[in-house]
Amino acid sequence: MGAANLYQHIKIRKGMGYDDEDIERLIFLASVAMGMDYADTQVSFFTECALAYNTNIGALHMLELSNRRHAFCFVLDKFKGNKGAHHIHLLSVFANNRGKGAGRVLLEHVLRDIGNEPITLEAFPASTPFFTKMGFLARPQKLEHGLTSMFLNSDGTHDVFQKVGYDSNVKKQYTEKFLEIGNFFNL
């Protein structure tokens, strides 16, 4: 039996009976799993994913093995219309699980979940080869922080996804929540 068959894929959306506080803790773990190289962006990813979850415009996907979380993916819903695309806002694998296929298995689950619909992402330089191997195509222009805009199941013109805007007060509120959850986990 291959490793892919051992993993359990879990998809969570608002209204599925999960406690919001537990989900925010999972989103925190997904943000922290990015690693210390991205410490400055972890709070932003936490804020954006938690807001999207709370407004029901995104889903958290997790990969577990023996009741231990190995990888996370947060997918934003696409806008309706002919230019809409799902958007992988975050895909992270805990450091001790990297290089073992967890990211690939989770991404395969996500892609099966959305079918052949367009999907986009913005890859950090170290992740670009992984997504290329998974079939994503890169747009030629680089984004802030050296990110690469990538797409799949599209001609590259489908790039409209749902995202919640927020102001500095909301950012402060979620920064405090991020730190509070970090204390909960003794991090």
Does the range 51-76 hold any residues that are within 17 Å of I119 (Cα to Cα), surrounded by fewer than 23 Cβ atoms within 10 Å (Cβ to Cβ) and among the β-branched types (V, I, T), and which are they? I57
Please determine, by comparing only the residues of the range 118-155 that are more than 17 Å from the chain's Cα centre (by Cα) and under 14 Å from G84 (Cβ atoms), which one is surrounded by the fewest Cβ atoms within 10 Å (Cβ to Cβ). D155
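Which ones in the range 171-187 are surrounded by fewer than 17 Cβ atoms within 10 Å (Cβ to Cβ) and within 20 Å of L26 (Cβ to Cβ)?
The first filter runs over the range 171-187 and keeps only residues surrounded by fewer than 17 Cβ atoms within 10 Å (Cβ to Cβ), leaving 171-173, 175-176, 179-180, 182-187.
Hits for the range 171-187 are Q173, T175, E176, L179, E180, G182, N183, F184, F185, N186, L187.
Condition test on H158, is it touching a strand residue (DSSP E or B) at 6+ places or on another chain (Cβ under 8 Å), outside any strand (DSSP E or B) and farther than 22 Å from L29 by Cα? Quick ask: steps written out before the conclusion?
Numbers: touching a strand residue (DSSP E or B) at 6+ places or on another chain (Cβ under 8 Å): yes; outside any strand (DSSP E or B): yes; farther than 22 Å from L29 by Cα: yes.
Yes.
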Considering only residues of the range 1-17 that are at pLDDT 90 or above and not β-branched (V, I, T), which is nearest to T55 (Cα to Cα)? K14
Scan of the range 78-88 for residues that are without any contact (Cβ under 8 Å) to a residue 60 or more places away in the chain and under 20 Å from E48 (Cβ atoms), ordered by number: I88
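Only one residue in V105, V75, V160, V110 is of a type in the set (A, V, I, L, M), touching a residue at least 12 places away in the same chain (Cβ under 8 Å) and closer than 18 Å to F46 by Cβ, so which one is that? Break it down into steps so the answer makes sense when it comes.
Values: V105 fails: closer than 18 Å to F46 by Cβ; V160 fails: closer than 18 Å to F46 by Cβ; V110 fails: closer than 18 Å to F46 by Cβ.
Only one candidate qualifies: V75.
The values are calculated or read from the model by the stated rules, or taken from the named source; none is laboratory data. Note that the structure is predicted; figures quoted are calculated from it, not measured. No Cβ is skipped: glycine too gets one built from the backbone with ideal geometry, and neighbour counts run over all protein chains shown.
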